[in-house]
Amino acid sequence: MIALYPGSFDPITYGHLDIIFRAAKLCEKVIVVIMENNEKEGAFTYKERKKMIEQCIVDLENVEVQIGTGLTIDYAVKVNADVLIRGVRAVTDYEYEMQLATTNMALNDNIETLFLMAKPEYSFLSSSTAKTIAQNGGDLTYFVPDNVAKKLYEKYR
Ligand code: ADP
């Protein structure tokens, strides 16, 4: 089974990484795709985000990182993905994720969305929280890997 894990990853956190590790155990291959989004200007360029993710997954042989454009579901077809992976943290994620998954189902019902529940210790974690902490010089130890923390501090120095 080939899985596509789409997101903004601006930047990647331990929560995203946990989903990647778990998906990599379930699937033959996991493609992490940073989807370009013209409406949402990120803190990091797509290339910077890709590099940070790649540094975090060097030990995973069946995971690769790409930058994608267009509709996620079309991208999934392009890379021969069987499923989309999404992470769910709290009830607040539920409505948004349900809307996305049902839209994708309407567009193409050959590709299922698989949801993985966030680990409790990461269920409060988001890229925006990590950015806010970095902006205020807080401790990022529990939020993002060291290479990502370094980039965040550099960005907001
Ligand atoms: P998007 O802009 O598409 O929501 P994100 O990069 O914020 O992109 O998230 C990508 C996916 O990872 C989403 O399904 C999101 O719910 C999930 N995710 C984000 N943070 C966590 C976390 N801490 N634990 C588990 N899943 C997460």
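Among (1) more than 13 Å from the chain's Cα centre (by Cα); (2) closer than 18 Å to residue 131 by Cβ; (3) touching a residue at least 60 places away in the same chain (Cβ under 8 Å), where does residue 45 come up short?
The number of the failed condition is (3).
So residue 140 fits all but one of (1) in a helix (DSSP H, G or I); (2) surrounded by 14 or more Cβ atoms within 10 Å (Cβ to Cβ); what number is the exception?
Condition (1) is where residue 140 drops out.
Confirm whether residue 65 is of a type in the set (A, V, I, L, M) and without any contact (Cβ under 8 Å) to a residue 12 or more places away in the chain.
When the stated conditions are applied, residue 65 does not pass them.
Determine which member of the set 25, 40 is open to solvent by 20 Å² or more (accessible area, probe 1.4 Å) and in a helix (DSSP H, G or I).
25 is the lone residue from the list that is open to solvent by 20 Å² or more (accessible area, probe 1.4 Å) and in a helix (DSSP H, G or I).
Right, residue 113: near the ligand (Cβ under 10 Å from one of its atoms), over 27 Å from residue 134 (Cα atoms), over 13 Å from the mean Cα position of the chain (by Cα) and at pLDDT 95 or above or not?
Spelling it out, residue 113 is indeed near the ligand (Cβ under 10 Å from one of its atoms), over 27 Å from residue 134 (Cα atoms), over 13 Å from the mean Cα position of the chain (by Cα) and at pLDDT 95 or above.
Being polar (S, T, N, Q) and either open to solvent by 100 Å² or more (accessible area, probe 1.4 Å) or within 12 Å of the ligand (Cβ to nearest atom) (or both) is the filter here, so list the residues in region 76-103 that pass it.
80, 92, 99
Considering only region 131-147, state which residues are in contact (Cβ under 8 Å) with a residue 60 or more places away in the chain and among the hydroxyl-bearing types (Ser, Thr, Tyr).
142
Could you check how many residues of region 108-119 are open to solvent by 100 Å² or more (accessible area, probe 1.4 Å) and either assigned to a strand (DSSP E or B) or hydrophobic (A, V, I, L, M, F, W, C) (or both)?
Total satisfying the criteria: 2.
The values are calculated or read from the model by the stated rules, or taken from the named source; none is laboratory data. None of these values were measured; they are calculated from a predicted model. Glycine gets a Cβ as well: all are built from the backbone with ideal geometry, and neighbour counts include every protein chain shown. Ligands, DNA and RNA are excluded from the accessible area calculation, which covers all protein heavy atoms including side chains. Shrake-Rupley method; radii C 1.70, N 1.55, O 1.52, S 1.80 Å.
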